[in-house]
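Enquirer: The structure's right below; bear with me while I get my questions together.
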Amino acid sequence: MFNLNGKVAIITGARRGMGRTHSMLLAQAGAKVVVSDIDLKECEQVVEEIKNADGEAMAIKCDVTNKKDIDQMVKRTIDEFGKIDILVNNAGICQFKPFVDLTDEDWEKTININLRGYYWCAKAVVPGMIKQKSGRIINIASIAAGQIGVGFAGLTHYGASKGGIVAFTESLALELAPYNITVNAIAPGAIDTPMAAASKTDSKVLEASMARIPLRRMGKPEEISSLVVFLASDEASYITGDMIVADGGYVST
Ligand code: NAP
């Protein structure tokens with residue numbers, strides 16, 4: 001099960017947090033992985049860890065708001081690994097700010113990284129996937145994406161970007177289905193990464209959010225990465241245009 005031998009995966013925002021564990025678990029399943037992020041040094045550390053565990057990986061600096069970076073990442077991946085089978089759109093930012101204080105710059109920054117970055121990366125890999133008539137695009141959304149009855153005060157810009165990702169996923173899946181390319185989204189709840197660290201510094205905020213999670217704990221990054229590996233695998237070949245929620249039961253409350 002979940003054998004990715006011979007597959008090549010690109011993961012964005014992979015120097016830490018979930019991007020790091022997506023890279024580790026995809027490599028463990030046999031994929032050659034491209035660990036990309038703004039900070040090359042930390043990507044190289046992830047690559048080192050993968051290589052120490054007998055995996056194959058390469059670090060590439062890529063800011064997803066920079067089209068040139070994305071094109072170079074795609075070119076280098078094809079030069080070194082021959083093709084791209086899996087794109088994990090994961091890079092993102094999340095800055096709590098009340099709507100009344102939100103500036104145009106805050107809005108644009110979040111939308112440009114979280115939504116346009118996913119579009120640009122997909123745009124860069126899809127032509128190759130169409131040619132090879134196979135591919136997997138996995139978009140990391142959030143339970144803040146909307147449509148499931150859960151809103152988050154202070155996250156209007158973040159929620160809008162994540163909602164856009166889900167809509168993008170559904171429509172792109174239809175267009176790419178004839179080429180045997182699946183496109184899916186994952187909506188994590190509260191996952192214990194540096195991004196979520198801010199909520200942990202305030203014990204009252206932490207207590208309140210844990211009280212809403214039926215499993216009474218944050219998720220571990222690996223608990224999302226295992227879903228990434230599944231969606232990248234042959235076992236998930238009949239799943240497309242879908243969003244899988246992994247939130248410890250949060251949206252069921
Ligand atoms: P994280 O630990 O902050 O990791 C995200 C990575 O993306 C960071 O290394 C970040 O670098 C990088 N990044 C930011 N802007 C970038 C850009 N322009 N180009 C390339 N990389 C960039 O966050 P995480 O919790 O692992 O989140 C991963 C994904 O899951 C995100 O899309 C997030 O929205 C989503 N998510 C997280 C949670 C959660 O509870 N943690 C819940 C739902 C969804 P910098 O540190 O320099 O910004």
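Enquirer: How high is the FRET efficiency between Ile78 and Asp106 when r is their beta carbon distance and R₀ equals 45 Å, given to the nearest 0.05?
Expert: 0.80
Enquirer: For Glu170 and Phe99, compute 0.36 nm times the residue count separating them, minus their Cα-Cα distance, and round to one decimal in nm.
Expert: Computed gain between Glu170 and Phe99 is 22.8 nm.
Enquirer: On to the next question. For the range 129-172, which whole percent of the accessible surface, found with a 1.4 angstrom probe, sits on carbon and sulfur atoms?
Expert: 56
Enquirer: I'd like to compare 99-112, 210-223: which one has the highest average count of other Cβ atoms within 10 Å, and what's the full order after that?
Expert: Highest mean packing first, the order is 210-223, 99-112.
Enquirer: Taking K and R as +1 and D and E as -1, what net charge do the other residues with C-beta under 14 Å from the C-beta of Ile239 add up to?
Expert: Residues close to Ile239 contribute a combined charge of -3.
Enquirer: Among Ala208, Ala144, Ala187, which one moves the most in a GNM of the chain with springs linking Cα atoms closer than 10 Å?
Expert: Checking each option, the largest mean-square fluctuation is seen for Ala208.
Enquirer: Exceeding 29 Å between C-alpha atoms, which entries from my cross-link table qualify? They are Lys51/Lys204; Lys61/Lys131; Lys109/Lys133.
Expert: Over 29 Å Cα-Cα: Lys51/Lys204; Lys109/Lys133.
Enquirer: Can I ask one more? For the pair Ala153 and Arg217, what calculated FRET efficiency results from E = 1/(1 + (r/R0)^6), where r is the Cβ-Cβ distance and R0 = 25 Å, to the nearest 0.05?
Expert: Here the calculated transfer efficiency is 0.65.
Enquirer: For Lys67, Lys41, Lys131, Lys83, what's the largest-to-smallest order of accessible area, 1.4 Å probe?
Expert: Largest to smallest exposure gives the sequence Lys131, Lys41, Lys67, Lys83.
Enquirer: So, taking all protein chains as they sit and a 1.4 Å probe, how much accessible area belongs to Arg15, in Å² rounded to tens?
Expert: Around 60 Å² of this residue is reachable by solvent.
Enquirer: If you don't mind, another one. Quick one: dipole size for the range 112-253, taken about the Cα centre, charges +1 on Lys/Arg Cβ and -1 on Asp/Glu Cβ, in debye to the nearest 20.
Expert: In total the dipole reaches around 280 debye.
Enquirer: May I ask for the angle, rounded to the nearest 10°, between helix 17-28 and the longest principal axis of the chain, with both axes built from Cα atoms and the value confined to 0 to 90°?
Expert: Orientation of helix 17-28: about 30 degrees from the principal axis.
Enquirer: Count charges around Ala31 for me, please; just the other residues with Cβ under 12 Å from its Cβ, Lys/Arg as +1, Asp/Glu as -1.
Expert: Charge balance near Ala31 sits at +2.
Enquirer: Let me ask something else about it. May I ask you to order 4-13, 152-161 by the average number of other C-beta atoms within 10 Å around their residues, highest value first?
Expert: 4-13, 152-161
Enquirer: On to the next question. Using alpha carbons only, how many degrees (0 to 90, rounded to 10) separate the axis of helix 221-232 from the longest principal axis of the chain?
Expert: Taking Cα atoms only, the helix is inclined about 40 degrees.
Enquirer: Mind grabbing the accessible area of Tyr119 for me, 1.4 Å probe, Å², rounded to tens?
Expert: Its heavy atoms expose roughly 100 Å² to the probe.
Enquirer: To continue, here is another question. Choose one of Gly17, Ile224, Thr156: the residue whose Cα lies farthest towards the positive end of the charge dipole of the range 8-248 (beta-carbon charges +1 Lys, Arg; -1 Asp, Glu; about the Cα centre).
Expert: Going by the Cα projections, it comes out as Thr156.
Enquirer: Using only the alpha-carbon atoms, how far is helix 67-81 inclined from the longest principal axis of the chain? Give it as 0 to 90 degrees, nearest 10.
Expert: Around 40 degrees separate the two axes.
Enquirer: In addition: When Rg is the radius of gyration of the Cα atoms in the chain and Rh is its Kirkwood radius, what does Rg/Rh come to?
Expert: Using only Cα positions, Rg/Rh for the chain is 0.95.
Enquirer: Could you tell me which of Thr182, Tyr119, Ala196 has its Cα farthest along the dipole of the chain towards the positive end, charges placed at Cβ (Lys, Arg +1; Asp, Glu -1), taken about the Cα centre?
Expert: The listed residue farthest towards the positive side: Thr182.
The values are calculated or read from the model by the stated rules, or taken from the named source; none is laboratory data. Because the structure is a prediction, the values reported are computed rather than measured. Methodologically, a virtual Cβ is constructed for each residue, glycine included, from the backbone with ideal geometry; neighbour enumeration extends over all protein chains shown. Each accessible area value is taken on the protein alone, full model and side chains, heavy atoms only, with ligands, DNA and RNA left out. Shrake-Rupley method; radii C 1.70, N 1.55, O 1.52, S 1.80 Å.
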